[in-house]
Structure formats: structure tokens, C-alpha cells
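In what follows, a structure is listed as C-alpha cells, so that the remarks can point back to it.
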Amino acid sequence: MDAAEFRKRGKEMVDYVADYLEKIEKRQVFPDVEPGYLRPLIADCAPQDPESFEDVFKDIEKIIMPGVTHWHSPYFFAYFPAASSFPALLADMLCGGIGCVGFSWAASPACTELETVMLDWLGKMVNLPEEFLAGKDGQGGGVIQGSASEATLIALLAARTKTIIKVQSEKPELTEAEIMGRLVAYASDQAHSSVERAALIGAVKIKNVPSDDTFSVCGSALKKVLDEDKAAGLIPFFFCATLGTTSCCSFDKLLELGPICNKENIWMHIDAAYAGSAFICPEFRHLLDGVEFADSFNFNPHKWLLVNFDCSAMWVKKRSDLIGAFKLEPLYLQHHHQESGLVTDYRHWQIPLGRRFRSLKLWFVLRMYGVKGLQEHIRKHVRLSHQFEHLVLQDERFEICAEVVLGLVCFRLKGSNELNEALLKSINDAKKIHLVPCHLREKFVLRFAICSRTVESTHIKFAWEHISQLATDLLKTWEQNHHQQ
């Protein structure tokens, strides 16, 4: 394909993507395929001779689309939102076109510098304390990671290195292996599984701190676990606080937890993967109070801020803590500006060496929506979740299982877990809307997350009427079966 054909085909592809997104609600939200559907549809091995763009293009609808779950459909209410917008898609195209690999400043100065500035912009939008910003001469700063899982892992590894160095300076007789064997990380029993996975990769113990009846961790619960572990000779070194848990969007009590972590020399990382975007709205910013005690903070613009995947924003108070843990300087990566103090080499802030020019997406979206446009997007989703909550509360067969703060409603039929499992199965089998469940304590609960950029009040009404009708049908057969037994 030469440049002339690329121009022609590029326009066709933009038209195809625009049509796809404009007409997405006509597509069934969840596919009708069985595992293994794709292999028989394509050749056994790559073609020896080139094929035409037309041949490839016509296979998109034939082979790919039948197996796509349409995350951007207004009938998709599963997981959390996956952000997307036209400015972000255009920026991603430019990122692919420039095609730089921005591991150091010299590898592409614009790639590095735009990221530093965009993370300062974003940090100011959520009113982060000054220490987290790079500014002209700050000690902190932001970086774009691939996902919140990576941010948690990076924070845990940096905390691990920092603690090992500190303990060795106090007790030189201890080997690194002995210290590692005594390190303990902590997170809420509601924390995302990626926190446990970070500890697994980091080869350290992790303990769950029990959450209260609002599914939040409070200071006394953390203190109790820390006191027990210190008495047993263990070394607490890392706590991951969650703002907006995956199951029910609950918030750990930062103002109680932060001072304890600071006093005990424990690295506090805040995972606000979904909820963090909402902090750009003044009415939700109080949910971040206590961030001043944290060492690192992360949220995903690629969930709720109209920047498509991947773009996970992470800030640290002391970037030297990250760089100290990951810095290696082979000759082929060195450049003559690196000791100037003005330069960030992001390879020291992340797991992989290479990185895409992801800050272009932020730059396009922040400029073309403006803070007000993004605030309106968040507020609309929150309004729609309260609309759904209101509909659920009007039907006495149902209950709400956790406070609705942002765009997630946790609800269920009053009754057994089996009944609710059957309801979810009938919802997802019908494939009109898509939901996923969670467990809250012993209860099987349905999660209704407001996801699509294009979702409207009419889609919420449709979803509720659909769920309500399926519940009516289910309860009839359920009662009949139970009478027969």
C-alpha cells in the first residue's frame, strides 16, 4: 500500500468506524458465537502472496464483528465504561502515524514533554496537592501507565525497594531475602484482584483488611492488622487504598488511613481507576480528601474521561522513589541531556522500556471538550445512574445493595442467590443488554454501570422495563417449580 492508496483507504476506514459508532445500538450488544468460532472462518496459515485491501475489509463484517462485544453500545452496562471519543481516535491515529517509541527524552522530546505537561493539567483538574505535580522544578510528577494494574505494581515495587534499603541501613545483619520474607502489603477485602496480583509478582505477602458495612476500610481496621503483624515480627510496607471499588464503588476512608500510613512509614497508594475521573467535578472532589497523605495516586482517563484505552494516569510525590527502584543505564539508552535535571526519561517510571505517544489523546480530548464538557459527561452518567436507582426503588421486589455515589447501581431481587443468578442468566441470554455480577458479602448482586458515551435516559428506561419483565417471568416459573417441589 502506497501513500496514495493509504489516503483513499484511510478515508474509507474513518467512514466505517464513524458508521459503526453511529449505528452501534442496532447491533446486538453481546455476540452469538461459541468458543472457537473464528478458526474455521480463516485460513490455516498466512497467505504467501499479498491480498487486496478489499478482501481484508470485507472480512471485518464477516469474521470480526460477529465475535465483538460492543462496549460502546448504549445497551452495554457491564464492568465499567471504556472511554472513547472522536478526538481521542484521531489522536491515536496520529500516534500510530508518528510511531515513535518514547522511552527517553532523546527518543522523542515531544512525546516525553507533552506527557509531563498533560499530567500536570490533569492533576490540576482533580485539584491534586502541588507535591504531585512536576511543574518547573517539583519533585513529583505524573506518568501514563497502560493500566491501573501496572500503576499498583509499580508503586508496590518502588515501596519494596525503598523499604529494603531503609531496613538494611537500620539492621545491616539482615539479608535482602530475610527482609523480603517479612514484608507485608495490605488492601481492602473489596480491592481489585490486580492488587493481590501485584503482590504475587512482587513476591511479598499481602493481607486483606476487613471493610465495614459500607464496604469501606476505616483506620481502626488497618491499625488492628498492623499491630498484630508488627508484634509477629513482620514489616508492613505498602497499603493500597481504593476509591470506587469494582464491586460496588465504595470508598476507603483516606482521612483515617493516611495518617496511620505516614506514621508507620507505609507507602500509601490510591487506586481510583474508575472513580478518579469524577474528581474533576467540584461536587465529587471531597471523595479524594486525604490524598495529601498518599505517596502515589492513579486513575484511568480511559474509563470515564473520553480518552480511549490505554491511558492510566499515575502521580508520585517523589519521582526519585520510582527512578531509584527501576533505573538502569546501558550506554545505548544514554543521551547528553539526561543529567540536566530538566529531562524525564519515562522508562524509569514503568515496567516496559517502550511506550506509545499516549499523551496526544489527552491533549486532543482536554482541548476539544474542555473541563466543562468533561464535567458534563460525568454528571450526565451520574444522573442516569440515579434514574436507574429510582426505578429499582419503586419496585418492592428489588433491593439496592450499596450506596449509589457515581455511575454504578448494585441491585438484586429480594430472595436467594440462585434466584438472582437465574435473573442474570435470563438478562444476558436475551442479549438485549449486558450486565455482570459481583458478590457483596454473601449476596450475589447485579451491577448496572452507566458506560456508553451515547447512553440516554431512553436506554435506561428500556433496560429497566426489560429487567422488570424478565423478573416477572422468572418469578412465575420459580414459584410454580417451588410449589411442585
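Residue-level check: of (1) without any contact (Cβ under 8 Å) to a residue 60 or more places away in the chain; (2) surrounded by 10 or more Cβ atoms within 10 Å (Cβ to Cβ), residue 74 misses just (1).
Within the stretch 37-68, the set of residues being surrounded by fewer than 13 Cβ atoms within 10 Å (Cβ to Cβ) and of a type in the set (Val, Ile, Thr) comprises 42, 56, 64. Can you tell me how many residues in the stretch 332-351 are at pLDDT 60 or above and open to solvent by less than 60 Å² (accessible area, probe 1.4 Å)? Looking only at that region, the number is 9. Filtered by the rule that a residue be under 22 Å from the mean Cα position of the chain (by Cα), among the charged types (D, E, K, R) and open to solvent by 20 Å² or more (accessible area, probe 1.4 Å), the stretch 216-263 gives a lone residue, 253. On the stretch given as the stretch 374-391, residues that are over 18 Å from residue 142 (Cβ atoms) and in contact (Cβ under 8 Å) with a residue 40 or more places away in the chain total 11.
With respect to residue 202, determine if the residue is in the same structural domain as residue 262 (by the TED database), buried (at least 18 other Cβ atoms within 10 Å of the Cβ), touching a Lys or Arg at 6+ places or on another chain (Cβ under 7 Å) and not acidic (Asp, Glu). Spell out the reasoning first.
Values: in the same structural domain as residue 262 (by the TED database): yes; buried (at least 18 other Cβ atoms within 10 Å of the Cβ): yes; touching a Lys or Arg at 6+ places or on another chain (Cβ under 7 Å): yes; not acidic (Asp, Glu): yes.
Criteria met by residue 202.
Scanning the stretch 185-205 for residues that are in contact with a strand residue (DSSP E or B) (Cβ under 6 Å, 6 or more places away or on another chain) and not polar (S, T, N, Q) returns 185, 186, 187, 189, 191, 195, 196, 199, 204, 205. Of all positions in the stretch 318-327, at least one carries a residue that is surrounded by 22 or more Cβ atoms within 10 Å (Cβ to Cβ), modelled with pLDDT under 95 and either in the same structural domain as residue 249 (by the TED database) or within 30 Å of residue 415 (Cβ to Cβ) (or both). Of all the listed residues (393, 424, 408), the sole one being at pLDDT 95 or above and more than 27 Å from the chain's Cα centre (by Cα) is 393. For the stretch 378-437, a residue qualifies if it is among the β-branched types (Val, Ile, Thr) and either assigned to a helix (DSSP H, G or I) or out of contact with any helix residue (DSSP H, G or I) (no Cβ under 9 Å at 6 or more places or on another chain) (or both), and the qualifying residues are 378, 382, 392, 427. Listed by first and then second residue, the pairs with beta-carbon distance under 9 Å, at least 6 apart or on different chains, first residue in the stretch 461-472 and in the same structural domain as residue 410 (by the TED database), second open to solvent by 80 Å² or more (accessible area, probe 1.4 Å), are 462/432; 463/432; 466/432. Residue 213 meets all of the listed conditions (1) within 16 Å of residue 405 (Cβ to Cβ); (2) within 23 Å of the chain's Cα centre (by Cα) but one, namely (2). Criterion applied to 89, 114, 122, 153 was being open to solvent by 10 Å² or more (accessible area, probe 1.4 Å), within 19 Å of the chain's Cα centre (by Cα) and closer than 20 Å to residue 371 by Cα, and the one residue passing it is 89.
Residue pairs whose Cβ atoms lie under 8 Å apart, separated by 6 or more positions or on different chains, with the first residue in the stretch 349-373 and farther than 19 Å from residue 152 by Cα and the second outside any helix (DSSP H, G or I) and among the polar types (S, T, N, Q), are 357/108; 361/308; 365/85; 369/85.
A single member of 457, 452 is polar (S, T, N, Q) and either surrounded by 21 or more Cβ atoms within 10 Å (Cβ to Cβ) or modelled with pLDDT under 95 (or both), and it is 452.
The values are calculated or read from the model by the stated rules, or taken from the named source; none is laboratory data. These numbers come from a predicted model, not from an experiment. Reconstructed Cβ throughout: ideal geometry from the backbone, glycine too, with neighbour counts over all protein chains shown. What goes into the accessible areas is simple: the full protein's heavy atoms, side chains included, and nothing from ligands, DNA or RNA. Shrake-Rupley method; radii C 1.70, N 1.55, O 1.52, S 1.80 Å.
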